[in-house]
Amino acid sequence: MSAFSRLILAVCLLGVMSSCTTQDAFTGEDKTSNTAKGAGIGALSGALLGAATSKDKKKGALTGALVGGAIGGGVGYYMDEQEKALGEELRGTGVQIKREGDNLRLIMPGNITFATGRSEIRDDFYPVLRSVGKVLMKFEKTSIKISGHTDSTGNATTNQTLSEQRANSVGHYLINGGVKSGRVQMVGYAARYPIASNSTADGREQNRRVELELQPL
């Protein structure tokens, strides 16, 4: 088979991969696998780079596509598996998992994590954090940014302090449970990044939260 034919075959295979779907653990809806997306993007980038830097453009494009696809799919697959493990552990807990490219965001509402105006983790939430920690220790090739958020009511200075204390409570619990401290960053944002309107009680409840952002290292 000629290099050109192999290139055409590789492109066809990537097209099949890009149409692959997985099922969302929470909604039950089909969604395009991030592994396939990553492989497709990596392959395209690799093919373009290989063609541009090789004397034999057809061979260079083929090699670049295969290498780029493997790299892109690897990161996507790793995060797919981590998302799946978290979904299994956290189903029914009230913790939301959002996928943003190759990043994962865990949203922990304040009403299930802390008492009003407090930064001590509620006793009934410890099992949930243990489940999160178990997955994070298994998937060590991710960084963890823990951010605390409040609604817009109350004193700005108090809200800033409370948001930092809540992020620290979650972060230190995970570290004490075995997650390496070098992977963890803790920060408080007070009311600067709302996810709902602060004009309603429901919106303010959504804004009082702790988030974990997981990024591949």
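The values are calculated or read from the model by the stated rules, or taken from the named source; none is laboratory data. Since the structure is predicted, the reported quantities are computational estimates derived from the model, not experimental observations. Using ideal geometry, Cβ is built from the backbone for each residue, glycine included, and neighbour counts are taken over all protein chains shown.
Quickly run through region 106-123 and pick out the residues that are aliphatic (A, V, I, L, M), farther than 14 Å from THR93 by Cα and without any contact (Cβ under 8 Å) to a residue 40 or more places away in the chain.
Hit for region 106-123 is ALA115, nothing else.
Taking region 77-108 as the search range and keeping residues that are among the charged types (D, E, K, R) and touching an Asp or Glu at 6+ places or on another chain (Cβ under 8 Å), which one is nearest to ASP124 (Cα to Cα)? Talk me through it step by step, then tell me what you get.
Taking region 77-108 as the starting set, the residues that turn out to be among the charged types (D, E, K, R) are 80-81, 83-84, 88-89, 91, 98-100, 102, 105.
With the extra rule that they be touching an Asp or Glu at 6+ places or on another chain (Cβ under 8 Å), the set shrinks to 99, 105.
On the way: ARG99: 26, ARG105: 22 Å.
Looking at residues that are among the charged types (D, E, K, R) and touching an Asp or Glu at 6+ places or on another chain (Cβ under 8 Å), I get ARG105.
Give me the residue from region 81-95 that is in contact (Cβ under 8 Å) with a residue 60 or more places away in the chain and surrounded by fewer than 17 Cβ atoms within 10 Å (Cβ to Cβ) and, out of that set, nearest to GLN215 (Cα to Cα). Even if it seems obvious, please write down each step before you answer.
If we filter region 81-95 for residues that are in contact (Cβ under 8 Å) with a residue 60 or more places away in the chain, which is where we start, we get 82, 87-88, 91.
Right, trim to surrounded by fewer than 17 Cβ atoms within 10 Å (Cβ to Cβ) and you get 87-88, 91.
Values: GLY87: 17, GLU88: 19, ARG91: 21 Å.
Going through the qualifying residues, I end up with GLY87.
Just to verify a result, which residue in region 100-131, among those that are under 13 Å from the mean Cα position of the chain (by Cα) and surrounded by 15 or more Cβ atoms within 10 Å (Cβ to Cβ), is farthest from THR150 (Cα to Cα)?
The extreme case among them is ASP102.
Can you name the residue in region 67-80 that is surrounded by 18 or more Cβ atoms within 10 Å (Cβ to Cβ) and over 19 Å from ASN103 (Cβ atoms) and, of all such residues, is modelled with the lowest pLDDT? Even if it seems obvious, please write down each step before you answer.
As a first pass, look at region 67-80 and keep what is surrounded by 18 or more Cβ atoms within 10 Å (Cβ to Cβ): 68-69, 72-73, 75-76, 78-80.
Imposing the further condition that a residue be over 19 Å from ASN103 (Cβ atoms) reduces the set to 68-69.
Details: GLY68: 54, GLY69: 47.
Only one residue fits best here, namely GLY69.
Being in contact with a helix residue (DSSP H, G or I) (Cβ under 6 Å, 6 or more places away or on another chain) and polar (S, T, N, Q) is the filter; apply it to region 124-146 and report the residue that is farthest from THR93 (Cα to Cα). Steps first, please.
The first filter runs over region 124-146 and keeps only residues in contact with a helix residue (DSSP H, G or I) (Cβ under 6 Å, 6 or more places away or on another chain), leaving 125, 129, 131, 133, 135, 139, 143-144, 146.
Remaining after also requiring polar (S, T, N, Q): 131, 143.
Numbers: SER131: 11, SER143: 23 Å.
Residue satisfying both the conditions and the ranking: SER143.
For SER163, state whether it is among the small types (Gly, Ala, Ser), within 20 Å of LYS98 (Cβ to Cβ), modelled with pLDDT of 95 or more and part of a loop (DSSP other than H, G, I, E, B). Can you show your working first?
Details: among the small types (Gly, Ala, Ser): yes; within 20 Å of LYS98 (Cβ to Cβ): yes; modelled with pLDDT of 95 or more: yes; part of a loop (DSSP other than H, G, I, E, B): no.
So SER163 does not fit the description; no.
Hey, LEU136 hits all of (1) outside any strand (DSSP E or B); (2) free of Cβ contacts under 8 Å to residues at least 12 places away in the same chain; (3) in contact with a strand residue (DSSP E or B) (Cβ under 7 Å, 6 or more places away or on another chain) but one; which does it fall short on?
Here LEU136 meets the rest and fails (2).
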